[in-house]
Amino acid sequence: MDATSGTRTPTLAVFKLASCDGCQLTLLDCEDELLALAGRVEIAHFLEASSAVAPGPYDLALVEGSVTTPQDAERVHAIRAAARHLVTIGACATAGGIQALRNYADVDEYRRTVYARPEYIDTLATSTPVSAHVDVDFELRGCPIDRRQLLEVITAFLAGRKPDVPDHSVCFECKRRGTVCVTVAHGTPCLGPVTHAGCGALCPAYGRGCYGCFGPSGSVNLPALIPLLRRDGMDEEATVRFLHTFNAPAFDAAGRESRPSEEGVAK
Amino acid sequence: MTVTDAEVTAVLDRDGLDALVTVLRSDGRTVIGPTVRDGAIVLAELSSAAELPYGWGVELDAGRYRLVPCEDGAAFAHSAGPQSWKNCLHPQRERLWSADRAPDGEVTFTEEEAATPSYAFLGVRPCDLRAIAVQDRVLTGGRHADTGYGRRRRGALLIAAECTAPGATCFCVSAGGGPAADTGYDLALTEVVDEDGHRFFARAGSEAGRRLLDRIPHRSADLATEVTARTSVDAARDRMGRSLPPVDLRALLGESLDADRWDDVAERCLTCGNCTMVCPTCFCTTTEEVTDLTGDHSERWQRWDSCFDLDFSHLHEGPVRSSGRSRYRQWLTHKLSTWYDQFGGSGCVGCGRCITWCPAGIDITEEVAALHAEHEATSVGHETAAAAHGTERWTETER
Ligand code: SF4
Ligand code: SF4
Ligand code: SF4
Ligand code: SF4
């Protein structure tokens, strides 16, 4: 099924829920390809780039951000209803993002502590990925997403094929890139062995450990990694923090899957 | 490569080694050799022999690599770096062909004809000479040769560095090799550092090696240097850091498909794929189709893959090897057993890279020893049971 067959130009829409805009910026960052892209799709809704919006339905909707308010929970259904293909972009839309740390805390207490008029704040107790609310056609990971992968997803959509987005570990990319492993050669804790590839193993290439911004890979063995993090100097609190950053609920779920008897990642 | 009647030998000093790199470069060769980068001895293009890791050794263990100064100032006092020569000969990503669609709909295909560098590899360890021979067999030996590999390989000049200081994760002797370069090299160097100075005992292994020796300053080999060189390589045979059990590994692995040990190692294995990426014989690739936004240009690329990737065994409905157990077992069984069935030999040369560069420190020699112990402990009972039930012991069970 070629999305571009027929005479009509496919429409692209970009929506934002609770997020920092970094993933949408990645689209604007595709400078060299933007012209070609603009020639191939009609950008019907992309507030970051233009305030002119065309009504749906849209052939491809990219959704950034997580669901944190009752309004967003409704909106995401409207977006789904208007989109032939819905692709989430980034850790927020795909796993709840950094703001999902609230899932482990008391949001009412935050509200009372932080805001002078807490009653102005209308928020949900949790930050959840788009897939918790509606069906999603593809989830692109990363905080932020990788621009080559975004182009691959859009290009694949235009060609009517499956995007080539491998779900193996970051270590694959790290070795392909020829980086010296920071764990083995320097004793630096690294989440690469359990993290979804996609960034090209950016952090280890600059001498620091992967901090898991692409979330869990397709094959996670957290109980095998945690003793290594401990060995490399992380105590329990540091380990929990390490795993509870951009994709906390996703790593928690991966931890439960790899050892069902345990709760959470670092117990 | 011509085998010579009388072995041509010589002794080079450090200036001779400098000249060697200069001559190779002036011949238009890309000289690749060991050099220090990011706290490790990596393989990279050398612009001069001064970039060799003079004075650096390595301290190795399972899952651990540390660069340490070595007092004698040797250039080749290291082993098991994070890369191997396959990074050059069998690169991690390579375009195979591209296709273009003209406005009239006509599609043309273009085979990739990338410029092939003329490599000279300086400091190839004997285990890696064997690993190159293994990959030659795999990638060019069958009906479907990898032409890119073949081109790069044919043009490559191999200068070996024999081992006098094996690493703690080395086990080439028990893998059927040894620290001496026997065959497959153009020039073999043995580094000697003693009261008579820092020098390299050189042996030509081919016509190209002999011609190369002629062009660089050297002296004829004196007996003392030759004896010291040969004795220290011999002595290295007994200083292997590790060893595989001296049993028929092909049979052991073939008979261990249902071993409990696989569950034990699967608990520790991250399925991260590092072992296969660093292994100098692992050759697996996948293909990737790259299209551009216009849809009129498409390219096929080949990139390294690994049996630890779930996608690697993906058939309809999902991966055949979904558990960590089945993927680790695939890796080890392929290396030591089914490789014989496929390519007539072992897939492991005992370089120790998979041990050193496994973040979890999983040690192939330890796993094989445990499988052997389990096999010994259970084989009597097994055989009786198998005979009693008339069962086939080579059943592959997926857990
Ligand atoms: S540095 Fe991290 S990502 Fe790279 S190989 Fe080591 S553990 Fe894997
Ligand atoms: S299996 Fe391990 S020791 Fe054997 S050749 Fe491969 S990396 Fe080297
Ligand atoms: S061990 Fe795995 S990656 Fe290596 S050659 Fe065999 S199947 Fe391929
Ligand atoms: S054996 Fe080690 S390097 Fe290989 S996949 Fe398992 S954890 Fe990774």
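Read-outs: derived from the displayed coordinates by stated rules, not from any lab. These figures come from a predicted structure and were not determined experimentally. Note that each Cβ is placed from the backbone with ideal geometry, even for glycine, and that neighbours are counted across all protein chains shown.
In terms of surrounding Cβ atoms within a 10 Å radius of their Cβ, B:CYS351, B:CYS307 rank from fewest to most as B:CYS307, B:CYS351. The HN-Hα couplings worked out from phi for region A:248-258 by the Karplus form 6.51 cos²θ - 1.76 cosθ + 1.60 (θ = phi - 60°) are 3, x, 5, 5, 4, 5, 5, x, 5, 5, 6 Hz, whole numbers, x standing for Gly and Pro. Give the long-range amide H neighbours of B:HIS314: residues separated by 5 or more places, or on another chain, with amide H under 5 Å away, using H modelled in the peptide plane at 1.01 Å from N. Answer set, sorted by chain and number: B:VAL320. Separation of region A:216-238 and region A:73-121 by C-alpha centroid, Å? Taking the Cα centre of region A:73-121 as reference, the centre of region A:216-238 is 28 Å away. Less than 5 angstrom separates the built amide H of A:GLU42 from those of A:THR11, A:LEU12, all sequence-distant by 5 or more or on a different chain. Here the simple spin-label model places points 7 Å from the Cα toward Cβ, and for B:GLU317 and B:ASP296 these points are separated by 4.4 nm. Fewest-first ordering of A:TYR211, B:TYR119 by other beta carbons within 10 Å of each residue's beta carbon gives A:TYR211, B:TYR119.
Peptide B:300-306 is shielded by partner chain Cβ atoms: per residue, an average of 2 of them sit within 10 Å of its Cβ. Shape class of region A:170-258 from the Cα gyration tensor (axes a ≥ b ≥ c, square roots of the eigenvalues): oblate, since a/c reaches 1.5 or more and a/b does not exceed b/c. Remark: region B:345-356, residue by residue, has Karplus-estimated 3J(HN,Hα) of x, 8, x, 10, 9, x, 6, x, 4, 5, 6, 5 Hz, where x stands for each Gly or Pro and the curve is 6.51 cos²θ - 1.76 cosθ + 1.60 at θ = phi - 60°. Put simply, when B:100-110, A:28-38 are sorted by average Cβ atoms within 10 angstrom per residue, most first, you get A:28-38, B:100-110. Spin-label pair B:ASP264-B:ASP27: with each label point 7 Å from Cα along the Cα-Cβ axis, the two points sit 5.0 nm from one another.
Report the residues of region B:271-300 in range of a label on B:ASP104: point 7 Å along Cα→C-beta, backbone N strictly under 19 Å from it. Residues B:296-297 qualify, since their backbone N sits under 19 Å from the label point.
What is the distance in Å between the Cα centres of region A:20-59 and region A:169-212? Measuring centre to centre over Cα atoms gives 31 Å. Does chain B come out rounded, prolate or oblate, given a ≥ b ≥ c as the square roots of the eigenvalues of its C-alpha gyration tensor, rounded meaning a/c under 1.5 and, failing that, prolate meaning a/b above b/c? Oblate shape, in that a/c is at least 1.5 and b/c is the bigger or equal ratio. With neighbour counts taken as other beta-carbon atoms within 10 Å, the residues A:ILE121, A:ILE154 rank, fewest first, as A:ILE121, A:ILE154. The number of Lys pairs in the protein assembly as shown with C-alpha atoms less than 30 Å apart, excluding pairs fewer than 8 positions apart on the same chain, is 5. In terms of its C-alpha gyration tensor, chain A comes out oblate, because a/c is 1.5 or above while a/b does not outweigh b/c. Spacing of the modelled spin labels on B:SER243 and A:ASP137, each 7 Å from Cα toward Cβ, amounts to 6.2 nm. Helical runs assigned H by DSSP (4 residues or longer) give chain B a calculated mean residue ellipticity at 222 nm of -9000 deg cm²/dmol, each run adding -39500 (n - 2.57) before division by the residue total. If R0 equals 25 Å, the separation of the Cβ atoms of A:LEU35 and A:ARG161 corresponds to a calculated FRET efficiency of about 0.65.
Remark on A:GLY142: its backbone amide H falls under 5 Å from those of A:GLY90, A:ALA91, a criterion applied only to residues 5 or more positions apart or on other chains, H modelled at 1.01 Å from N. Shielding by partners for peptide B:56-68, expressed as the average number of C-beta atoms from other protein chains within 10 Å of each residue's C-beta, is 2.
Distance from the Cα centroid of region B:241-310 to that of region B:100-144 is 20 Å (rounded to whole angstrom).
In this structure, B:ASP194 and A:ARG208 have a Cβ-Cβ separation that, at R0 = 25 Å, corresponds to a calculated FRET efficiency of about 0.05. First select every other residue whose beta carbon is under 12 angstrom from the beta carbon of B:PHE109; then total the charges, Lys and Arg +1, Asp and Glu -1. Net local charge, B:PHE109 excluded: -3. Note on A:163-172: average number of Cβ atoms from other chains within 10 Å of each residue's Cβ is 6.
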